[in-house]
Ligand SMILES: Cc1cc2nc3c(=O)[nH]c(=O)nc-3n(C[C@H](O)[C@H](O)[C@H](O)COP(=O)(O)OP(=O)(O)OC[C@H]3O[C@@H](n4cnc5c(N)ncnc54)[C@H](O)[C@@H]3O)c2cc1C
């Protein structure tokens, strides 16, 4: 009798242990599969601490901001941007859009590559920022949301710091092995030294030759130069971007005069409004 009772107890304990193990395993799998929540609030500015500032050239720096925990993600959909709030040289509030060069696969922090203009209002704020300072950030913002396979090919025409949204979208496409979208980028600058993220862009072109092509254009090229010269022309778009079609899109982001000129070129070349997007 005692023997039978002991056996029953053993069985009960074994079943209980199995139930606990299954529950713990399921909870672990559930937590692992759950997408981590982002750190942004579209309605309110939130503060992020500057943990690193690295000068890339005389007027460009990379700013690294910490997220609340080492496993936190920013939570910015591909193709969207954030609003940064600061003060200009006269102490007035200024809010400007910026696109991080990091993705949600980069946890614990996010980075901005900022070009600082001598008279720029927000540029002043970034120039003055020191490690340990906080930046007010709101988001996500923007009308463009990239979904893998949304189009067969993307053309991109970027000028100066307008490269950052293109960089973000391109990185997301190339790092997703299931996304076969082809990317054709035309990137315009004044001088060779002005080209932002060149090392990263050239690395992507080298690593993904069938999926990503880049064509640089300079107003003032160096003596030895195999890219385009002058302003981005209709012919350059015709040669380096996908031809107008229902399953392609051309994105543009640059200084206002360039955006205007590119819109006119694209219209003339037969790209419909649906085929064009301006960040
Ligand atoms: C979606 C989006 C994402 C962006 N992401 C980034 C980013 O990641 N990094 C970044 O550095 N910038 C980015 N920008 C540009 C940024 O929002 C500001 O416009 C830029 O930092 C200049 O702001 P400012 O207040 O310093 O200059 P402002 O006070 O607006 O202008 C000062 C002077 O600089 C000139 N200027 C302003 N912008 C440009 C430009 N793009 N090219 C040439 N001259 C210019 C003006 O003509 C003026 O003479 C982005 C813009 C958009 C729309």
Practice problem: Note the angle between two axes, namely the Cα long axis of helix 2-33 and the longest principal axis of the Cα atoms of the chain, as a number of degrees from 0 to 90, rounded to the nearest 10. | Solution: 10 degrees
Quiz item: Quick one: if you stick a label point 7 Å off each Cα along the C-beta vector at residue 37 and residue 85, how many nm between them?
Solution: 2.1 nm
Quiz item: Order of 204, 116 from fewest to most other C-beta atoms within 10 Å?
Solution: 116, 204
Quiz item: Which value in nm describes the separation of the simple spin-label points at residue 71 and residue 223, placed 7 Å from the Cα toward the beta carbon?
Solution: 5.7 nm
Quiz item: Between residue 178 and residue 119, what FRET efficiency comes out of the Förster formula 1/(1 + (r/R0)^6) with R0 = 30 Å and r the beta carbon distance, rounded to 0.05?
Solution: 0.10
Quiz item: Cα axis of helix 256-268 to longest principal axis of the chain: angle in degrees, 0 to 90, nearest 10?
Solution: 90 degrees
Quiz prompt | Ascending count of other beta-carbon atoms within 10 Å, so fewest first, for 143, 171 | solution = 143, 171
Quiz item: Could you work out Rg/(2.2 N^0.38 Å) for segment 143-279, with Rg from alpha carbons only?
Solution: 0.98
Quiz item: For the chain, modelled as a Gaussian network with Cα springs under 10 Å, which listed residue fluctuates most, 60, 250, 131?
Solution: 131
Exercise. Subtracting the Cα-Cα distance from 0.36 nm times the residue separation, let me have the gained length for residue 199 to residue 213 in nm, one decimal.
Key: 3.6 nm
Quiz prompt | Residues residue 106 and residue 268, FRET efficiency given R0 of 45 Å [Cβ-Cβ distance, rounded to 0.05] | solution = 0.70
Exercise. Would you mind computing the Rg to Rh ratio of the chain from its alpha-carbon coordinates, Kirkwood style for Rh?
Key: 1.15
Quiz item: If r is the Cβ-Cβ distance from residue 147 to residue 57 and R0 is 35 Å, what FRET efficiency results, to the nearest 0.05?
Solution: 0.55
Practice problem: Enter the angle in degrees (range 0 to 90, nearest 10) between the Cα long axis of helix 198-207 and the first principal axis of the Cα atoms of the chain, meaning the one along which they spread out most. | Solution: 70 degrees
Practice problem: Output the Cα-based Rg and Dmax of segment 46-140 in Å, rounding Rg to one decimal and Dmax to a whole number. | Solution: 12.7, 38
Exercise. Output the relative contact order of the chain, whole-number percent, from Cα pairs under 8 angstrom with separation of 6+ residues.
Key: 16 percent
Self-check item: Pairwise Cα inverse-distance average, inverted: Kirkwood Rh of segment 66-213 (Å)
Solution: 16.6 Å
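Rule-based calculations on the coordinates, nothing more; no lab input. Computed from a predicted structure; not experimentally measured. When we count neighbours, we look across all protein chains shown, and the Cβ atoms used for this are built from the backbone with ideal geometry, even at glycine.
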